[in-house]
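Computed from the coordinates by the stated procedures, all read-outs in this text should not be read as laboratory data. No experiment lies behind these values; they were computed from the predicted model shown. All Cβ positions, even for glycine, are placed from backbone atoms using ideal geometry, and neighbour counts span all protein chains on display.
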Amino acid sequence: MQFAVNYSYALLDLVQAGHAHVDLYKCPAWPGLVDEIAEHGGVHIHFPLMTGRDLDVPFNGESKAPADLDAIESLLQHSDSTLVNIHFAPLVAFYPDIPWDSTTPAHIDLVVENALRAINALTDRFGDRVIVENVPDAGQTQLKLCTLPQVITRVIEESGAGFLFDIAHAQLAAADLNMDVKTYIDGLPTSHMQELHITGVQTVTQTLLDRFNAAGFEHTMFHHFLGKQLDHLPITDTDWALLAWAFENIHSGQWPMPEVVSLEYGGIGGFWGELAEKDILAEQVPRLHRLIQGQMQPN
């Protein structure tokens with residue numbers, strides 16, 4: 001397992017000072033940033049690809065346009081990435097004719113058909129490097145059906161792609177579905193896991209928003225979730241306990257060993273850079289690294 005962490009200047013300072021270890025710096029698919037990070041270490045790209053509708057290729061959630069597969073190929077050649085990710089994220093905006101919370105079989109079939117078209121475009125080009133990530137509904141921006149374990153499993157199995165298992169997304173989805181999180185995860189296609197994403201899940205507080213506001217970031221994704229649970233925050237005691245269970249499944253062989261384990265805390269630029277607190281990284285990055293290495297008590 002290679003250990004990747006969201007690239008931030010706070011993290012870079014810790015690594016260069018010998019206070020933290022990473023195998024890869026995880027980053028967005030920005031060519032200039034990829035070149036910058038390559039000067040410091042390995043680069044693991046996370047692509048903004050999504051399953052769309054009525055497209056023969058994935059939808060690029062960042063450019064809001066059909067994905068450029070040649071550009072993806074070029075970025076792969078200039079990085080250490082071995083995987084090409086796509087989010088199983090049927091936006092409500094793509095399906096105005098489908099109620100947000102519909103679980104009607106015909107609606108599921110339509111969404112899965114469109115997802116398979118996008119995923120197959122990637123597998124035709126990049127083969128077994130393609131992985132599909134589970135997502136929560138994110139404040140009803142995605143259709144609820146995309147959070148159902150049986151639907152996620154169907155997409156993975158019918159596409160033949162690997163599974164990018166985001167455990168924080170699973171926590172959020174399980175809560176929305178009023179399910180026990182371990183029961184929810186047991187229904188996911190973990191046997192196909194090739195990458196594992198980790199972040200903390202916390203309630204967004206006004207204190208956090210005040211911090212962003214003071215730094216000049218008054219309109220962030222976090223502002224829409226005041227008083228609600230959201231990921232990309234520091235790992236909590238509850239999260240550590242769930243992670244200990246997950247890595248016990250990995251190290252015992254019950255789940256496959258992922259190629260990459262990625263901590264998605266912090267980042268570069270804007271409010272992501274503001275979020276990356278050095279003291280939190282200094283405590284949580286080494287702790288997670290020990291857990292990945294098989295030290296089952298994450299402390």
Fill in the blank from the handout: Cα-based Rg then Dmax for the stretch 2-292, in Å, read 18.2, 56
Practice task
Could you calculate the FRET efficiency of Met221 with Glu157 from 1/(1 + (r/R0)^6), where r is the beta carbon distance between them and R0 is 22 Å, rounded to 0.05?
Solution key: 0.10
Practice task
Run through the DSSP bridge list for the chain and note the antiparallel percent, rounded to the nearest 5.
Solution key: 20 percent
Fill in the blank from the handout: Between the alpha carbon centres of the stretch 1-49 and the stretch 236-268 the gap in Å comes to 19 Å
Handout entry: Helix-only [θ]222 nm of the chain, DSSP H runs n ≥ 4, -39500 (n - 2.57) each, per residue, nearest 500
Key = -12000 deg cm²/dmol
Fill in the blank from the handout: A correct Karplus calculation of ³J(HN,Hα) over the stretch 223-228, with 6.51 cos²θ - 1.76 cosθ + 1.60, θ = phi - 60°, whole Hz and x for Gly and Pro, returns 5, 7, 10, 4, x, 10
Fill in the blank from the handout: Per the 1/(1 + (r/R0)^6) rule, R0 = 25 Å and r from the Cβ atoms of Lys228 and Glu62, FRET efficiency to 0.05 is 0.55
Exercise for the section: Would you mind telling me which residue in Ser262, Ser159, Ser252 has the biggest mean-square fluctuation in a Gaussian network model of the chain, where springs connect alpha carbons within a distance under 10 angstrom? Expected result: Ser252
Handout entry: Relative contact order %, the stretch 177-260, counting alpha carbon pairs below 8 Å whose residues are six or more apart
Key = 43 percent
Practice task
Grab the Cα-Cα distance for Glu73 and Arg290, subtract it from 0.36 nm times how many residues apart they are, and report the gain in nm with one decimal.
Solution key: 74.8 nm
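Using DSSP loop states and a limit of at most 11 other Cβ atoms within 10 Å to flag GluC sites (Glu not before Pro), what is the longest stretch of the chain containing no flagged site? Numbers along the way, then the final one.
Numbers: sites that count: Glu39, Glu218.
Counting at most 11 other Cβ atoms within 10 Å as exposed, the longest clean stretch of the chain is 40-217.
Any idea what the relative contact order of the stretch 2-292 is, in percent, if you count C-alpha pairs under 8 Å spaced at least 6 apart?
On the way: 518 pairs, mean separation 56.4, N = 291.
Computed over the stretch 2-292, the figure is 19 percent.
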Problem - GNM top mover of Pro234, Pro96, Pro136 - the chain, alpha-carbon springs below 10 Å - result: Pro96
Completion exercise
Hull volume per residue for the stretch 198-279, using the convex hull of the C-alpha atoms, in Å³ is 114 Å³
Exercise for the section: Describe numerically, in nm with one decimal, the distance between label points set 7 Å from Cα along Cα→Cβ at Asn213 and at Asp186. Expected result: 4.5 nm
Exercise for the section: Could you check the simple spin-label distance between Glu248 and Asp128, using points 7 Å along Cα→Cβ, in nm with one decimal? Expected result: 3.1 nm
Handout entry: Among Gly227, Ser8, Gln254 - extreme Cα towards positive end, dipole of the stretch 2-292, charges at beta-carbon
Key = Gly227
